[in-house]
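Peer 1: Once you've had a glance at the structure underneath, I'll fire off some questions.
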Amino acid sequence: VYLSEDHMVPAQVHWYSITNSILVVLFLSLLVVSILVRNLRRDIAGYNAMAALTDEEKEEEAEESGWKLVHADVFRPPQNWPMAYCIMVGSGVQIGVSGFVTILLAAVGFLSPARRGSLMTSVLVFYMLCGCLAGYVSSRLYKSFRGRQWQLCTLFTATGFPGLCFFTFIFFNTILAFFRSTASVPFLDLVIVSAMWCCVSIPLVFLGAYFGYKEEAISFPTVTSTIARAIPEQTTFMKPITAILLAGMVPFAAAYVELFFIMTSLWMDQFYYVFGFTLGVYVILLITVSEVTVLLCYYQLCAENHRWWWFTFLSSGSIAGYTFVYSAFWFKSLEASRMLITYLLYFGYMFLISSALFLVTGSMGALVSLWFVRKIFSTIKVD
C-alpha cells in the first residue's frame with residue numbers, strides 16, 4: 001500500500017504526477033540546451049575572434065553587442081541590500097539541504113509518519129544541524145561582496161527565518177491555549193525548542209561563518225569598474241518584473257499534482273507514505289527552477305542588464321507566490337469553520353511554508369546562476 005488517504009485517489013495518480021514532472025523537465029532541458037549551447041558557442045567564438053583583431057580591424061567591424069559588454073559590471077555586488085541577499089541565500093541552503101535529507105530518509109524507510117512526531121522532530125534536528133551550511137554560504141557571499149559587518153550578517157542568518165517561524169508559532173499557540181484547544185503545545189516543549197535554537201542552531205551558524213570567512217573570497221574572472229554601466233531601456237517582455245512573475249509557472253506545473261497530496265496530508269489528517277515520489281518531485285523541481293533561471297539570466301545579460309543577483313533569486317523564488325495562491329483556492333475544499341482562528345492558522349502556516357519554498361528555490365537559482373555567469377565570462381578574452 002503506497003497511499004492511505006481513505007481511498008480518495010488511486011496510487012497510479014502519483015505515477016501520472018511524476019511522469020508529468022519528468023516530461024516538463026525533459027522538455028525544458030532540451031530547450032535550454034538548444035538555446036544556450038548554440039548561442040553561447042556562437043557568442044564566445046565571435047567575442048574571442050574580435051579580441052584577436054587589430055585596432056583598425058575592430059573599427060571596421062560592427063559595434064559589439066550582447067552580454068560581453070557588461071563584463072566590467074556583471075560581478076558588481078547587489079545595489080540594494082547585499083547583506084539581506086547573503087542572509088536569504090544562506091537560509092535557503094539550510095532549509096533545502098535539511099528538507100532533502102529528511103525526505104530521503106523518509107523515502108528509504110528510516111522515518112515513518114505512523115510514528116507520531118518522528119517526522120517533525122527529524123525536520124527540526126536536521127534543520128539545526130544544517131545551520132553550519134547557512135553560516136558558511138552567507139559568509140562566503142558576504143566576503144565576496146566586501147561587506148564589513150560580518151557579525152551582523154551571521155546573526156541575522158542565525159535568527160532571521162527561524163525567529164519568524166518561532167514567534168509565529170508562539171503567537172498561534174497562545175491563541176490555541178486561550179481556546180483550550182488540544183492542538184496547543186505544552187510550555188515545556190516550547191522551552192526545549194528555544195533551547196535547541198539558542199544552544200545548537202545559532203552556535204553552528206557562527207561556526208560555519210567562521211570557516212566561511214577563513215576561506216578565500218570567491219574569485220571573479222573579470223575586473224569590476226568603478227562606475228556602473230547604464231542599463232538600456234527594456235522592452236515590456238524583457239523587463240525584470242515580467243520575467244520574475246512568469247518564471248514560477250513552469251516549476252509549479254512540474255510539482256502541482258504532488259502538492260495536492262501534500263496539502264491533503266497536512267490539513268485533512270491523512271497519512272502520507274509516498275516519500276519516494278516526493279523526493280523525485282523535489283529534485284525535479286530544483287532542476288526545473290535552475291534551468292528556467294539560467295535561461296532568464298542569459299537573456300537579461302544579452303539585454304545588457306548586469307543587475308542579475310536579485311533578479312535570479314526572485315525569479316526562481318516566484319514559485320512560492322503560485323503555491324500560496326493555489327493554497328488560497330484549495331482552502332475552499334477544506335470546508336473549514338468560519339472562525340477567524342481557522343483562517344489565521346491556515347494562511348499563517350501556509351505563508352511560512354511558502355516563505356521556506358521561496359528561500360529554497362531562490363537560493364538554488366541564485367547559486368546556479370552565479371556558477372553560470374562565472375563560467376561564461378571565464379571563457380572570453382577581455383581587454
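Peer 1: Any chance you could give the angle, 0 to 90 degrees and rounded to 10, that helix 187-196 forms with the longest Cα principal axis of the chain?
Peer 2: 30 degrees
Peer 1: Please name whichever of Phe161, Thr278, Phe311 sits farthest to the positive end of the charge dipole of the chain, dipole taken about the Cα centre and charges placed at Cβ: Lys and Arg +1, Asp and Glu -1.
Peer 2: Phe161
Peer 1: Right, something else. Taking the Cα atoms only, what angle lies between the long axis of helix 38-51 and the longest principal axis of the chain, rounded to 10 degrees?
Peer 2: Helix 38-51 and the main axis of the chain meet at about 30 degrees.
Peer 1: Carbon-plus-sulfur fraction of the accessible area of region 242-383, 1.4 Å probe, in percent?
Peer 2: Heavy-atom surface of region 242-383 belonging to carbon and sulfur, 1.4 Å probe: 73 percent.
Peer 1: Using alpha carbon coordinates only, what is the Rg to Rh ratio of the chain, with Rh defined as the Kirkwood radius?
Peer 2: Computed over Cα atoms, the ratio is 1.02.
Peer 1: With a cut-off of 8 Å between alpha carbons and a minimum separation of six or more residues, what is the relative contact order of the chain in percent?
Peer 2: Relative contact order, the chain: 29 percent.
Peer 1: Add -39500 (n - 2.57) for each DSSP H run of 4 or more in the chain, then divide by its residues: what number comes out at 222 nm, to the nearest 500 deg cm²/dmol?
Peer 2: Working: 15 runs with 260 residues, N = 383.
The helix-only estimate for the chain comes to -23000 deg cm²/dmol at 222 nm.
Peer 1: Right, another one. Does anyone have the angle between helix 202-214 and the longest principal axis of the chain? Alpha-carbon axes, 0 to 90°, nearest 10?
Peer 2: So the inclination is approximately 10 degrees.
Peer 1: Name the shape class, rounded, prolate or oblate, that the alpha-carbon gyration tensor gives for region 242-343, where a ≥ b ≥ c are the square roots of its eigenvalues, rounded holds for a/c under 1.5, and otherwise prolate holds if a/b is larger than b/c and oblate otherwise.
Peer 2: Here region 242-343 falls in the oblate category.
Peer 1: Express the accessible area of region 290-383 per residue in Å², computed with a 1.4 Å probe while the remaining protein chains stay in the model.
Peer 2: Value for region 290-383: 42 Å² per residue.
Peer 1: How large is the charge dipole for region 114-223, taken about the Cα centre, if only the Cβ atoms of Lys, Arg (+1) and Asp, Glu (-1) carry charge, to the nearest 20 debye?
Peer 2: Rounded to the nearest 20 debye, it is 60 debye.
Peer 1: Run the dipole for region 162-258 about the Cα centre, Lys and Arg Cβ at +1, Asp and Glu Cβ at -1, nothing else charged, and hand back the magnitude in debye, nearest 20.
Peer 2: Roughly 180 debye, rounded to the nearest 20.
Peer 1: I would also like to ask the following. Considering only protein heavy atoms, what is the solvent-accessible area of Met238 at a probe of 1.4 Å, reported in Å² to the nearest 10?
Peer 2: 40 Å²
Peer 1: To continue, here is another question. Solvent-accessible area per residue for region 102-244 at a 1.4 Å probe radius, Å²?
Peer 2: With the other protein chains kept in place, region 102-244 gives 61 Å² per residue.
Peer 1: With a ≥ b ≥ c taken as the square roots of the eigenvalues of the C-alpha gyration tensor of region 138-248, please select rounded if a/c is under 1.5 and otherwise prolate if a/b is larger than b/c or oblate if it is not?
Peer 2: Here region 138-248 falls in the oblate category.
Peer 1: Which is farthest toward the positive dipole end of the chain among Ser378, Leu152, Leu119, measuring Cα position about the Cα centre, with Cβ charges +1 (Lys, Arg) and -1 (Asp, Glu)?
Peer 2: It is Leu119, whose Cα lies furthest towards the positive end.
Peer 1: Considering only Val185, Gly109, Ser34, whose Cα is most displaced toward the positive end of the charge dipole of the chain, charges sitting on Cβ of Lys, Arg (+1) and Asp, Glu (-1)?
Peer 2: So the residue we want is Val185.
Peer 1: Still on this structure, I have one more. Place a +1 charge on the Cβ of each Lys and Arg in the chain and a -1 charge on the Cβ of each Asp and Glu, then give the dipole magnitude about the Cα centre in debye, rounded to the nearest 20. Intermediate results must be reported in sequence, preceding the final value.
Peer 2: Working: 22 positive and 22 negative charges, 200 e Å.
The dipole magnitude comes to about 960 debye.
Peer 1: Now, a different point. Just order 310-321, 159-170, 225-236 by mean Cβ neighbour count inside 10 Å, highest at the front, would you?
Peer 2: Numbers: 310-321: 25.4, 159-170: 16.1, 225-236: 10.6.
The most tightly packed comes first, giving 310-321, 159-170, 225-236.
The values are calculated or read from the model by the stated rules, or taken from the named source; none is laboratory data. Please read these numbers as outputs of a predicted model, since none were measured by experiment. Every residue, glycine as well, gets a Cβ built from its backbone with ideal geometry; the counts of neighbours run over all protein chains shown. When the accessible area is computed, the model is the full protein with side chains, heavy atoms only, and any ligands, DNA or RNA have been set aside. Shrake-Rupley method; radii C 1.70, N 1.55, O 1.52, S 1.80 Å.
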